[in-house]
Amino acid sequence: MNSKSIKSFVLVALSTLSILGCVSSIDKGFDLNDEIHSDGDYYDKYQSATRGGDLISKFDIRYRIHATYLSPEFRTALVKRVQKLYMEDAAGAFEEASSKAGFIVTAYGLERETTDLTNTSHWTLIFETKDGPVRPVLVRKINDKIRWRNFFETISPWTQDYLVVFDRASVNPGASNLVEKPRTRLVMANGEGKVQLEW
């Protein structure tokens, strides 16, 4: 190895050590929680329950929409993560969706007013199952971003976030014990386009 290679190696090693020192605490009794993507079991369930993407027009992102289906399987993982992070019972989290089909929907748009999913003049939300389509019984804005961004990585300062609940039973779409895979589709439509997400 020449001196230039040794200097480069030492610089990379020192940079790596300084970065590692910045992301973890060395003081006894101070522990960082796992980030969402590092919490293996939770993150697997979260990814399985989440769909989304961008509605693009003329190279502009009109909307970025993601929805996490609060299926029984995902809710169990969510309760465990809440207990791990906040050391409290979270069985009542999003209680309105405990037995009904519920979603956490995050929406980003160029104009904040256009991503208000509670405005039924601008947005139509439909949940489609084998029993037919239904409209939501609840669309409620989630205001505590600081708490819930630890569980839903699509929540950010720029999104508007909602709990959307439909009067249909909540199921695990990928469950192996189901004879027939249930049709589970969330449709969101406005004047600019339509988003269809399937589980």
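Scan the range 27-42 and tell me whether some residue there is modelled with pLDDT of 90 or more and under 16 Å from LYS194 (Cα atoms).
No: the range 27-42 contains no residue that is modelled with pLDDT of 90 or more and under 16 Å from LYS194 (Cα atoms).
Which one is farthest from the chain's Cα centre (by Cα), of the residues in the range 64-95 that are among the hydroxyl-bearing types (Ser, Thr, Tyr) and surrounded by fewer than 17 Cβ atoms within 10 Å (Cβ to Cβ)?
TYR86
If you take the residues in the range 101-131 that are over 18 Å from the mean Cα position of the chain (by Cα) and of a type in the set (D, E, K, R), which one is farthest from SER170 (Cα to Cα)?
The residue in question is GLU111.
Name the residues in the range 128-151 that are part of a strand (DSSP E or B) and surrounded by 17 or more Cβ atoms within 10 Å (Cβ to Cβ), would you?
Within the range 128-151, GLU128, PRO136, VAL139 qualify.
Results for (1) under 27 Å from GLY109 (Cα atoms); (2) in contact with a helix residue (DSSP H, G or I) (Cβ under 7 Å, 6 or more places away or on another chain); (3) acidic (Asp, Glu); (4) modelled with pLDDT under 90, shown as yes or no for each residue.
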| position | (1), (2), (3), (4) |
| --- | --- |
| ILE65 | yes, no, no, no |
| THR68 | yes, yes, no, no |
| ALA77 | no, yes, no, no |
| ARG81 | no, yes, no, no |
| LYS84 | no, no, no, no |
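The values are calculated or read from the model by the stated rules, or taken from the named source; none is laboratory data. Here the structure is a predicted model, which means the values were calculated and not measured. Counting neighbours? That spans all protein chains shown, and the Cβs are built from the backbone with ideal geometry, glycine included.
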